[in-house]
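Chemist: Sharing a structure, written as structure tokens. Questions coming.
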Amino acid sequence: MGEADFTVVVPATTANLGPGFDSIGLALALYMTVEVTLADTWHVQYEGEEYKDLASGEDNLIVTTIQHVARQNGGVAKPLQLHVQSDIPLGKGLGSSATAIAAGIEIADHLLSLNLSSNDKVRIGSELEGHADNVSAALLGGLTVSYFAEDEMDVIHFPEPQIGAVMLVPPAALRTEESRGLLPEQLSHVEATAGSAAGNVMTAAIAIGDWEKAGRMMEKDIFHEPYRKSLFPDFELIRTACREYGAYGMTISGAGPSLFVAVKQGEEAQVAKRLVTEFPYYECIAVQPSITGAVVK
């Protein structure tokens with residue numbers, strides 16, 4: 001049994017990067033911090049008005065994840081008091097649910113001394129999320145490319161992606177279920193081939209550090225962007241402005257409603273300042289990738 005008083009820190013994530021649908025995730029230097037102590041009953045306390053309506057008892061996502069991991073490994077998790085502070089906008093396409101799941105996995109692993117491998121953690125998180133993109137990046141940090149299907153999983157990890165980012169965050173949240181409901185059940189073979197090619201070239205470009213080419217491919221997605229972009233005020237105008245400002249590419253962050261802009265390292269604040277002036281509907285957050293995934297302190 002591990003120490004009962006500890007802290008878990010987990011980064012936000014953005015998923016897909018356009019054509020890397022449900023397979024590519026990028027950790028961002030916005031963090032959720034969970035202080036863990038033993039208690040008589042389960043209780044989760046959130047700081048901040050945005051999180052006030054989340055479940056605070058055994059039905060909380062962090063708690064259900066802890067209990068799931070414990071049961072899966074033949075253990076029982078004792079009740080805990082969880083104090084949560086988060087920089088991550090809730091329901092805005094920045095992986096808040098994956099972050100909660102990653103935190104729950106790390107808490108259970110530490111508390112029960114399970115010594116889970118990184119691969120074990122990613123598999124558990126992917127099973128709970130239903131896909132591996134956000135949760136793999138939240139657990140490992142950096143950029144991840146994942147294959148997850150039933151009993152098979154493989155992850156490629158790029159620990160230090162050499163880019164900066166700007167997140168355009170709208171005032172209203174969007175349920176992932178609603179966003180996924182906009183997607184077609186089928187694509188033609190020609191469409192799927194083009195989408196796969198864009199994703200392949202983007203991933204290869206990331207692997208060799210060619211973010212200019214990766215950014216161009218980022219904007220060639222056909223899997224989800226055409227069906228979701230109408231949800232974003234000024235989508236095409238923002239894309240045009242990003243190109244004028246020298247960004248590598250702009251795309252939807254996860255299922256939305258935020259937008260992800262890949263920029264040169266060191267230019268995050270400059271691009272964010274210009275975008276927020278031109279598109280005040282969005283909060284523009286300058287951020288860098290997080291090279292650190294979920295950690296216990």
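The values are calculated or read from the model by the stated rules, or taken from the named source; none is laboratory data. In this text the structure is predicted, and so the values were computed from the model without any measurement. Quick reminder, even Gly has a Cβ in these numbers, built from the backbone with ideal geometry, and neighbours come from all protein chains shown.
Chemist: From (1) polar (S, T, N, Q); (2) over 15 Å from Thr13 (Cβ atoms); (3) free of Cβ contacts under 8 Å to residues at least 60 places away in the same chain, pick out the condition that doesn't hold for Ser179.
Modeler: Going through the list (1) polar (S, T, N, Q); (2) over 15 Å from Thr13 (Cβ atoms); (3) free of Cβ contacts under 8 Å to residues at least 60 places away in the same chain, Ser179 breaks only (3).
Chemist: Looking at region 130-146, is at least one residue over 14 Å from Gly293 (Cβ atoms) and assigned to a helix (DSSP H, G or I)?
Modeler: Here is the first cut: in region 130-146, the ones over 14 Å from Gly293 (Cβ atoms) are 130-131, 145.
Filter once more, so that each one left must be assigned to a helix (DSSP H, G or I): none.
Checked region 130-146: no residue is over 14 Å from Gly293 (Cβ atoms) and assigned to a helix (DSSP H, G or I).
Residue-by-condition table, conditions (1) assigned to a helix (DSSP H, G or I); (2) within 30 Å of Met218 (Cβ to Cβ):
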residue: Gly18; (1), (2): no, yes
residue: Leu28; (1), (2): no, yes
residue: Tyr31; (1), (2): no, yes
residue: Val34; (1), (2): no, no
residue: Leu54; (1), (2): no, no
residue: Ile66; (1), (2): yes, no
residue: Ala70; (1), (2): yes, no
residue: Val76; (1), (2): no, no
residue: Ala103; (1), (2): yes, yes
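Chemist: Tell me which residues, restricted to region 272-297, are part of a loop (DSSP other than H, G, I, E, B) and within 30 Å of Leu116 (Cβ to Cβ). Outline the logic, then answer.
Modeler: Initial filter on region 272-297 (part of a loop (DSSP other than H, G, I, E, B)): 279-282, 288, 290-294, 297.
Residues satisfying the conditions are Gln288, Ser290, Ile291, Thr292, Gly293, Ala294, Lys297.
Chemist: Let me ask you something else. Just checking, which of Ala204, Ala269, Ala197, Ala241 is at pLDDT 95 or above, of a type outside the set (Lys, Arg), closer than 30 Å to Val8 by Cα and in a helix (DSSP H, G or I)?
Modeler: On the way: Ala204 fails: closer than 30 Å to Val8 by Cα; Ala197 fails: closer than 30 Å to Val8 by Cα; Ala241 fails: closer than 30 Å to Val8 by Cα.
Every option except Ala269 fails the conditions.
Chemist: Right, next: Quick check: is even one residue across region 147-157 surrounded by fewer than 21 Cβ atoms within 10 Å (Cβ to Cβ) and in a loop (DSSP other than H, G, I, E, B)? Give the steps one after another, and end with the answer.
Modeler: Initially, region 147-157 is screened for residues surrounded by fewer than 21 Cβ atoms within 10 Å (Cβ to Cβ), giving 147, 149-154, 156-157.
Subset that is in a loop (DSSP other than H, G, I, E, B): 150-151.
There is at least one residue in region 147-157 that is surrounded by fewer than 21 Cβ atoms within 10 Å (Cβ to Cβ) and in a loop (DSSP other than H, G, I, E, B).
Matching residues to (1) at pLDDT 95 or above; (2) surrounded by fewer than 23 Cβ atoms within 10 Å (Cβ to Cβ); (3) out of contact with any strand residue (DSSP E or B) (no Cβ under 7 Å at 6 or more places or on another chain):
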| position | (1), (2), (3) |
| --- | --- |
| Gln81 | yes, yes, no |
| Gly104 | yes, no, yes |
| Leu116 | yes, yes, yes |
| Lys121 | yes, no, yes |
| Gly130 | no, yes, yes |
| Val135 | yes, no, yes |
| Gly141 | yes, no, no |
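Chemist: Across region 45-74, what is the total count of residues that are surrounded by fewer than 16 Cβ atoms within 10 Å (Cβ to Cβ) and within 18 Å of Ile124 (Cβ to Cβ)? Don't jump to the end; show me each part of the working.
Modeler: Filtering region 45-74 down to residues surrounded by fewer than 16 Cβ atoms within 10 Å (Cβ to Cβ) leaves 45, 47-49, 52-53, 55, 57-59, 71-74.
Restricting the remaining residues to those that are within 18 Å of Ile124 (Cβ to Cβ) gives 71-74.
Residues in region 45-74 being surrounded by fewer than 16 Cβ atoms within 10 Å (Cβ to Cβ) and within 18 Å of Ile124 (Cβ to Cβ): 4 in total.
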